[in-house]
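Working notes, structure below.
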Amino acid sequence: MTSVTATDTPTARSAGTAPPSLATRAVDLVASEWTKFRSVRSSFWSLLVAVVTPIAVSTFVAFIFASQPASAGPRPDPLLPEVVSLEYAVIAVSVMGVLAFSAEYSTGLIRTTFTAAPRRRAVLAAKAVVLGTVTLAAGELVAFTSFFLSQAVLAGHHQGVSLSRPGVPGAVLAAGILLCVCTMLGLALGSIIRHTAGGIAATIGVILLPAILGLLPAPWNGRIGRFALLEAAQQVTALHPAANLFSPGLSLLVLLAWPAAALALAAILITHRDI
């Protein structure tokens, strides 16, 4: 009979096994969040709305701009149709960001997630990587598709601009960032509030309320509007930036500061709660 020594037992072998590296754990966590994202039906529909709606709206707005007579006044910024259209996708991606956390809280799956991955900030980072990558790619796809379609319409009325024009490529690239920014904001507020309805209401309020206050009479419209997320997005992507707002470079910092501040707050609070 063959004797079994202590070193041959599974317990002894597992004790001698080196723990997975930080990179391996990070990849596994991102893969887990990617599986969650693509297995939820709402993710597909939110992305579909966020892609199809702005492309259709930008083309429609371009037709409206092109049909205006020359006597109607100065021509609008040729990049305005796609910027306006992207704002219609903001709600869809914001809801998707909120649901990434709030749905797990509502179903109780968050307990399993935090048991499997006790480092909660790593979970937040993994969700941000997955959602940020997907929505950034979707945003750039929408931005360039909307640009080519709307400029094709405007070019037929001698109002369009070429992608080779100085400042246009950067403006189109910047326009694609808006969806990612709003998704990250929704993700952060979903983690902080942990309730779907409350998270969605808070996200939409943070996005829209400063822009509404920017409609106040001068000089308050510029003083408040320069810090508004949507106003900053328009300033970054405009060929003719508004004089009463921050410069495009500073407006880009304002645009990125909103989700960065929200994610920083979420990273602090997520480790100071029982669940």
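The table that follows gives values for the structure above.
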read-out: Condition check for LEU208: open to solvent by 40 Å² or more (accessible area, probe 1.4 Å), more than 20 Å from ASP77 (Cβ to Cβ), at pLDDT below 95 and part of a helix (DSSP H, G or I); value: yes
read-out: Qualifying residue in region 136-158 (condition: without any contact (Cβ under 8 Å) to a residue 60 or more places away in the chain, open to solvent by 40 Å² or more (accessible area, probe 1.4 Å), outside any helix (DSSP H, G or I) and not β-branched (Val, Ile, Thr)); value: yes
read-out: Residues that are surrounded by 13 or more Cβ atoms within 10 Å (Cβ to Cβ) and either of a type in the set (Gly, Ala, Ser) or part of a helix (DSSP H, G or I) (or both), drawn from region 213-227; value: LEU213, GLY214, ASN221, GLY222, ARG223, ILE224, GLY225
read-out: Of all residues making up region 255-271, the number that are of a type in the set (Val, Ile, Thr) and open to solvent by 20 Å² or more (accessible area, probe 1.4 Å); value: 2
read-out: Residue among SER43, SER67, SER58 that is farther than 30 Å from ALA125 by Cβ and either touching a Cys at 6+ places or on another chain (Cβ under 6 Å) or modelled with pLDDT of 85 or more (or both); value: SER58
read-out: Residues (farther than 21 Å from ALA143 by Cα and either at pLDDT 90 or above or in a helix (DSSP H, G or I) (or both)) located in region 228-245; value: none
read-out: Helices (runs of 4 or more DSSP H) wholly inside region 50-125 that include at least 1 residues being open to solvent by 30 Å² or more (accessible area, probe 1.4 Å) and farther than 21 Å from LEU136 by Cα; value: 90-107, 109-116
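The values are calculated or read from the model by the stated rules, or taken from the named source; none is laboratory data. It should be emphasised that the depicted structure is a prediction, and the values quoted were computed from it without experimental measurement. Here the Cβ is made from the backbone with ideal geometry for all residues, glycine too, and neighbour counts use every protein chain on show. The accessibility values were calculated without ligands, DNA or RNA, using every heavy atom of the protein model including side chains. Shrake-Rupley method; radii C 1.70, N 1.55, O 1.52, S 1.80 Å.
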